[in-house]
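The values are calculated or read from the model by the stated rules, or taken from the named source; none is laboratory data. All figures in this text were calculated on a predicted structure; none of them were measured in a lab. Please note: Cβ atoms are built from the backbone with ideal geometry, for glycine as well, and neighbour counts cover all protein chains shown. Accessible surface is based on the protein model in full, side chains and every heavy atom, while ligands, DNA and RNA are left aside. Shrake-Rupley method; radii C 1.70, N 1.55, O 1.52, S 1.80 Å.
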Amino acid sequence: MSFHKELETTVRLLTASGKGILAADESTGTIAKRFKEASIENVEENRRAYRELLFTTPGMEQAICGVIFFEETLSQKAKDGTSFPALLAKKGVVPGIKVDKGTIGLPGAPGELITQGLDGLGEALQRHKALGARFAKWRAVITIGEGIPSSYCIAANAHALARYAALCTENGIVPIVEPEVLMDADNTLERCYEVTSLTLDAVFRELFQQRVVLEHILLKPNMVIAGKKCPTQAGVQQVAEATVRCFRNHVPAAVPGIVFLSGGQSDEAATAHLDAIARLGPHPWSVSFSYGRALQAPAIKTWAGKEAQWKAGQTAFSHRARMNAAAQLGKYSQAMEREVAKV
Ligand code: 13P
């Protein structure tokens with residue numbers, strides 16, 4: 001069975017102008033870290049309540065076209081009994097699902113990681129689709145360090161990403177292909193450029209060999225940026241120019257959309273970088289955000305698990321979503337940060 005039309009529709013919805021994707025797919029372990037910083041207990045009811053806060057934020061659908069869920073969230077409900085996928089679908093927001101099972105050490109490659117989750121993935125995708133998911137995410141991690149990444153690590157991760165993408169499209173699910181070059185080390189922007197280029201080349205070679213139709217995928221990459229511990233940090237314009245140059249050289253024009261991850265950049269830096277990238281357009285692909293931390297950090301901190309802070313948490317989320325939506329259009333300015341609207 002061909003899912004051509006269905007895939008095209010999902011891609012069109014996920015590349016809507018002036019909108020982007022909310023990555024709310026933190027695993028139970030990852031959300032524990034985010035909650036801990038705000039002294040929120042990591043129990044199922046708090047995870048459910050927090051996701052309800054995000055998804056019921058008034059007007060979020062004006063800035064957000066898709067949400068990536070963690071598996072647990074896909075079968076959770078809002079207080080009024082509406083399932084989260086149905087709640088979002090009603091607002092015209094497309095529900096998606098993280099399907100990888102996280103990373104483990106890559107055998108024989110000290111300091112490097114491989115993503116797991118291919119076994120049984122076809123059946124899992126069918127289950128997720130029955131619950132409302134229309135797109136998926138798989139995150140591969142490439143680490144920069146002394147003598148790494150190895151070409152073995154890049155090749156193994158690229159192969160797994162393409163296997164995942166092929167299974168998704170075969171099941172009518174749009175794959176978000178996420179090869180993340182980490183920005184935690186002390187490397188320069190130039191080194192990030194080089195590693196991102198090698199990674200993208202390997203990923204697109206594998207996608208081609210595994211017969212994945214590029215028109216049916218979205219790419220979720222890191223920006224080209226110096227590592228957090230690098231003493232020389234590039235300015236916003238330099239990051240934008242290096243990022244655009246790298247992607248123009250390594251991402252085929254058939255790919256409909258690039259949706260950047262934030263990767264631990266501060267929320268305002270992630271927005272400013274996206275805005276500067278948009279201003280360098282038009283680009284061959286749509287360019288937007290699929291942020292986790294950069295969209296949610298102020299909301300978690302403000303809510304802090306307190307009922308009385310619910311509205312304020314939504315206001316904080318709504319503000320970041322609107323800032324990034326403006327950046328997608330290349331219409332963001334620092335002054336807008338002060339116009340925090342009430343929801
Ligand atoms: P960050 O924007 O916090 O990097 O998260 C995006 C994501 O989905 C990582 O897999």
Look through region 22-43, keep the residues that are among the β-branched types (V, I, T) and within 13 Å of the ligand (Cβ to nearest atom), and return whichever of them is least open to solvent (accessible area, probe 1.4 Å). I31
Just wondering, is there one or more residues in region 121-141 that are without any contact (Cβ under 8 Å) to a residue 24 or more places away in the chain and part of a loop (DSSP other than H, G, I, E, B)? no
Would it be correct to say that G227 is of a type outside the set (S, T, Y), at pLDDT 95 or above and within 16 Å of W285 (Cα to Cα)? no
Name the residues in region 252-274 that are over 22 Å from D184 (Cβ atoms) and either open to solvent by 10 Å² or more (accessible area, probe 1.4 Å) or within 11 Å of the ligand (Cβ to nearest atom) (or both), would you? P252, A253, A254, P256
Of residues in region 98-116 being farther than 18 Å from D25 by Cα and in a strand (DSSP E or B), the one most open to solvent (accessible area, probe 1.4 Å): I104
Among residues of region 184-214 being open to solvent by less than 10 Å² (accessible area, probe 1.4 Å) and within 16 Å of the ligand (Cβ to nearest atom), the residue nearest to A133 (Cα to Cα) is V203
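When you scan region 215-233, how many residues do you find that are open to solvent by 30 Å² or more (accessible area, probe 1.4 Å) and in contact (Cβ under 8 Å) with a residue 12 or more places away in the chain?
Restricting attention to region 215-233, the residues satisfying the condition of being open to solvent by 30 Å² or more (accessible area, probe 1.4 Å) are 215, 228-229, 231-233.
Now restrict to residues that are in contact (Cβ under 8 Å) with a residue 12 or more places away in the chain: 215, 228-229, 231-232.
The total comes to 5.
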Out of the residues in region 65-97 that are outside any loop (DSSP other than H, G, I, E, B) and open to solvent by 50 Å² or more (accessible area, probe 1.4 Å), which is nearest to E26 (Cα to Cα)? E71
Taking the condition of being within 16 Å of the ligand (Cβ to nearest atom), surrounded by 21 or more Cβ atoms within 10 Å (Cβ to Cβ) and of a type outside the set (G, A, S), how many residues in region 276-315 meet it? 7
